[in-house]
2 protein chains.
Amino acid sequence: MDLAEKTISEETIYEGKIIKLRKQKVVLPNGNTADREIVNHPGGVAILAFKDENTVIFVEQYRKPIDKVTLELPAGKIEKGEDIKLTALRELEEETGYKSNDITYLGKVLASPGFCDEYIHIFKAENLYNGKAGCLDEDEFVNVHYHSLEEVQKMIKEGIIEDAKTICAFGYIR
Amino acid sequence: MDLAEKTISEETIYEGKIIKLRKQKVVLPNGNTADREIVNHPGGVAILAFKDENTVIFVEQYRKPIDKVTLELPAGKIEKGEDIKLTALRELEEETGYKSNDITYLGKVLASPGFCDEYIHIFKAENLYNGKAGCLDEDEFVNVHYHSLEEVQKMIKEGIIEDAKTICAFGYIR
């Protein structure tokens with residue numbers, strides 16, 4: 001069955017600092033029409049940064065949508081036109097103070113394809129060295145933590161780590 | 001450092017069929033203010049359904065936000081007030097035609113906590129038997145596929161499977 005849906009009309013509801021919201025009317029495979037709510041997001045990167053071969057860097061961060069502090073890999077949005085490898089190196093240094101010359105692309109994941117086009121590109125960073133810390137965005141505050149691979153696996157199973165991109169990143173290196 | 005952000009004002013931009021968009025002004029840990037764009041989503045479930053001990057059921061589905069067909073676990077949104085285990089059994093039957101009396105909760109993941117409150121609850125379903133197929137939502141069309149665990153691992157590494165909740169689900173059972 002050909003599953004594609006053709007757009008017949010579109011309305012932009014909101015264009016904000018980060019996201020854009022559109023409402024589309026589409027034709028379904030059976031010829032009927034349906035409404036689709038679509039959020040456009042610039043996409044992001046997440047960095048699995050190894051302090052040593054068994055220790056990974058995490059950031060603890062308050063997330064307003066869930067009113068909760070989460071434990072996630074260093075991550076951030078892609079700036080318009082920015083090379084994603086540079087995004088990864090920039091976010092790693094901004095959030096943790098570390099630099100790396102040894103960064104590998106692991107893959108990209110779709111955060112929530114039902115309504116949003118956000119892709120998160122996941123990198124592994126090794127051979128870290130100190131950069132200058134404290135260059136976070138002016139509206140960003142994080143605490144840095146270090147965890148062994150064994151601790152990470154336990155924290156995923158126990159639900160202490162809930163962030164999907166973070167769990168996916170460890171899926172790539174198993 | 002206390003990372004919480006207090007809301008000082010809020011505006012509802014959009015209330016749709018599935019998502020709600022709000023813009024909030026918040027106070028940051030340093031006392032400055034910032035804007036937050038927040039999408040509320042009802043949350044969903046995903047089901048890792050084993051046809052036999054080495055074969056998992058996938059659905060191929062067109063995703064309008066990325067204009068692409070994806071390979072994902074059977075999944076769906078939680079209806080208001082619905083028990084999430086029933087959501088999982090309902091979605092499994094609607095999308096694949098299979099029922100199960102042997103369903104286990106694996107954990108929940110946050111799809112994109114930077115702007116959205118969507119949690120996806122992941123279940124494992126075993127001992128499947130045939131239900132009645134073809135009860136999809138009227139705007140939903142999927143093709144069912146079967147893959148071995150070895151094929152799945154290869155498709156994740158090769159980027160054929162990109163969906164974050166699907167990759168996370170396999171992280172829980174390793």
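For B:Pro42, the label point sits 7 Å beyond Cα toward Cβ; its separations from the matching points on the remaining copies run 3.2 nm, from shortest to longest. Consider all pairwise Cα distances in segment B:117-168 and report the whole-number % of them above 15 Å. Across segment B:117-168, Cα pairs with separations above 15 Å total 68 percent. Other protein chain C-beta atoms within 10 Å of residue C-beta, averaged over A:117-124: 3. Value of Rg to Rh for segment B:1-57, rounded to two decimals, is 1.31; Kirkwood radius and Rg both from alpha-carbon coordinates.
Report the GluC sites (Glu not before Pro) located in segment A:13-95 that are in a DSSP loop and have at most 15 other Cβ atoms inside 10 Å of their Cβ, or state none. Sparse-neighbourhood loop GluC sites (Glu not before Pro): A:Glu53, A:Glu79, A:Glu82.
Expressed as a whole percent, the proportion of Cα-Cα pairs in segment A:60-127 lying more than 13 Å apart is 70%. Exceedance of the 25 Å cut-off in Cα-Cα distance is limited, within the set A:Lys68/B:Lys20; A:Lys157/B:Lys157; B:Lys80/B:Lys124; A:Lys51/A:Lys108; B:Lys25/B:Lys64, to B:Lys25/B:Lys64. Sorted from shortest to longest, the distances between the A:Lys154 label points of this copy and the other copies are 3.6 nm, with each point 7 Å from Cα along the line through the beta carbon. Each copy carries B:Glu60; placing its label point 7 Å along the C-beta direction from Cα gives inter-copy distances of 4.6 nm, listed from smallest up. Based on Cα contacts under 8 Å between residues 6+ apart, chain A shows a relative contact order of 22 percent. From the largest down, the protein assembly as shown spans 60, 44, 35 angstrom on the principal axes of its Cα atoms. With contacts taken as Cα pairs under 8 Å at a separation of at least 6 residues, segment B:107-167 carries a relative contact order of 27 percent. Calculated translational diffusion coefficient of chain A (4 °C, 1.567 mPa s; Stokes-Einstein with Kirkwood radius over alpha-carbon pairs) equals 73 µm²/s. For segment B:1-103, the set of trypsin sites (Lys or Arg not before Pro) satisfying both a DSSP loop assignment and a count of at most 16 other C-beta atoms within 10 Å is given as B:Lys17, B:Lys80. The alpha carbons of segment B:79-163 stretch over 34, 34, 28 Å along the principal axes, in descending order.
Just so you know, all these numbers are worked out from the coordinates, no wet-lab data involved. Here the structure is a predicted model, which means the values were calculated and not measured. FYI the Cβ positions are ideal-geometry reconstructions off the backbone, even for glycines, and counts take in every protein chain you see.
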